[in-house]
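Below is one structure, written out as structure tokens; comments come after it.
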Amino acid sequence: MSKIKICATLGLVLGLFLATPMLAQDNMEPKKLDDPQWRSVVMVKYHAGKMKRAMELVDEFQKVTAKAGTPAPELQVRMATGKWDLMVVWRMEGGISDMDWDTSPNNIKWRKAGIEHFGSEEKMKAAWDEYRSLIMESERDIARRQ
């Protein structure tokens, strides 16, 4: 048997083995999660030598968040190893339905506070564009706190 067929067969057997507990339950009932606490997790990699400027802008954006009264990140961690430079975690106050918004009320509040903080819409946009130019790569994931 070829290696591909062996791997495929092994994968099928392993998948069935892992699914067996669910398949073996005779009286399955629908069950929602009790108090799921959803988080938005953003990982950021900056261009070489740009982290200091990025953190200066993040500090300004945190001032905007405070002025707007919108939720601040629950956790912000500068990474010491690995691919990413920064991890930021926000609690999704409305749960997974926070994903339903194109423009949320908090987005509007934050934008208005940003315009006030930076002095004009153009200056706020310039700060945001500069920050984005410092990012080499980013990734956003959704997580559930146990």
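The values are calculated or read from the model by the stated rules, or taken from the named source; none is laboratory data. Here the structure is a predicted model, which is why all the values come from computation and not from measurement. Here the Cβ is made from the backbone with ideal geometry for all residues, glycine too, and neighbour counts use every protein chain on show.
Give the number of residues within the stretch 107-139 that are within 16 Å of the chain's Cα centre (by Cα) and touching a residue at least 12 places away in the same chain (Cβ under 8 Å).
Count: 4.
Can you tell me which residue is surrounded by the most Cβ atoms within 10 Å (Cβ to Cβ) among those in the stretch 102-146 that are of a type in the set (Gly, Ala, Ser) and in contact with a strand residue (DSSP E or B) (Cβ under 9 Å, 6 or more places away or on another chain)?
Keep residues of the stretch 102-146 that are of a type in the set (Gly, Ala, Ser), which gives 104, 113-114, 119-120, 126-127, 133, 138, 143.
Imposing the further condition that a residue be in contact with a strand residue (DSSP E or B) (Cβ under 9 Å, 6 or more places away or on another chain) reduces the set to 138, 143.
Details: Ser138: 15, Ala143: 12.
The selected residue is Ser138.
Looking at Val42, Val58, Val64, which is the one that is within 30 Å of Trp128 (Cβ to Cβ), modelled with pLDDT of 95 or more and in contact with a strand residue (DSSP E or B) (Cβ under 6 Å, 6 or more places away or on another chain)? Steps first, please.
Numbers: Val58 fails: in contact with a strand residue (DSSP E or B) (Cβ under 6 Å, 6 or more places away or on another chain); Val64 fails: in contact with a strand residue (DSSP E or B) (Cβ under 6 Å, 6 or more places away or on another chain).
Of Val42, Val58, Val64, the one residue that is within 30 Å of Trp128 (Cβ to Cβ), modelled with pLDDT of 95 or more and in contact with a strand residue (DSSP E or B) (Cβ under 6 Å, 6 or more places away or on another chain) is Val42.
Would you pick out the residues in the stretch 92-146 that are touching a Phe, Trp or Tyr at 6+ places or on another chain (Cβ under 8 Å), hydrophobic (A, V, I, L, M, F, W, C) and either at pLDDT below 95 or outside any helix (DSSP H, G or I) (or both)?
Those that are touching a Phe, Trp or Tyr at 6+ places or on another chain (Cβ under 8 Å), hydrophobic (A, V, I, L, M, F, W, C) and either at pLDDT below 95 or outside any helix (DSSP H, G or I) (or both): Met92, Ile96, Leu134, Ile135, Met136, Ile142, Ala143.
Assuming Trp38 fulfils every condition listed in (1) in a helix (DSSP H, G or I); (2) in contact with a helix residue (DSSP H, G or I) (Cβ under 7 Å, 6 or more places away or on another chain) apart from one, which condition is it?
The single condition Trp38 does not satisfy is (1).
Which residue pairs have Cβ atoms under 7 Å apart, sit 6 or more places apart or on different chains, and have a first residue in the stretch 86-106 that is farther than 30 Å from Lys52 by Cα and among the β-branched types (Val, Ile, Thr) and a second that is at pLDDT 95 or above and surrounded by 13 or more Cβ atoms within 10 Å (Cβ to Cβ)?
Ile96/Trp38
Failed condition for Leu75, given (1) touching a helix residue (DSSP H, G or I) at 6+ places or on another chain (Cβ under 9 Å); (2) under 23 Å from Ile108 (Cα atoms), with all others met?
Result: Leu75 passes all but (1).
Is it fair to say Ala68 is out of contact with any Cys (no Cβ under 9 Å at 6 or more places or on another chain), of a type in the set (Gly, Ala, Ser), surrounded by 13 or more Cβ atoms within 10 Å (Cβ to Cβ) and more than 14 Å from Ser138 (Cβ to Cβ)? Full working, then the answer.
Details: out of contact with any Cys (no Cβ under 9 Å at 6 or more places or on another chain): yes; of a type in the set (Gly, Ala, Ser): yes; surrounded by 13 or more Cβ atoms within 10 Å (Cβ to Cβ): yes; more than 14 Å from Ser138 (Cβ to Cβ): yes.
Considered against the rule, which asks whether it is out of contact with any Cys (no Cβ under 9 Å at 6 or more places or on another chain), of a type in the set (Gly, Ala, Ser), surrounded by 13 or more Cβ atoms within 10 Å (Cβ to Cβ) and more than 14 Å from Ser138 (Cβ to Cβ), Ala68 comes out as yes.
Could you check, for the stretch 72-83, whether at least one of its residues is more than 20 Å from the chain's Cα centre (by Cα) and either of a type in the set (S, T, N, Q) or over 21 Å from Gln146 (Cβ atoms) (or both)?
Filtering the stretch 72-83 for residues more than 20 Å from the chain's Cα centre (by Cα) gives none.
No, every residue in the stretch 72-83 fails to be more than 20 Å from the chain's Cα centre (by Cα) and either of a type in the set (S, T, N, Q) or over 21 Å from Gln146 (Cβ atoms) (or both).
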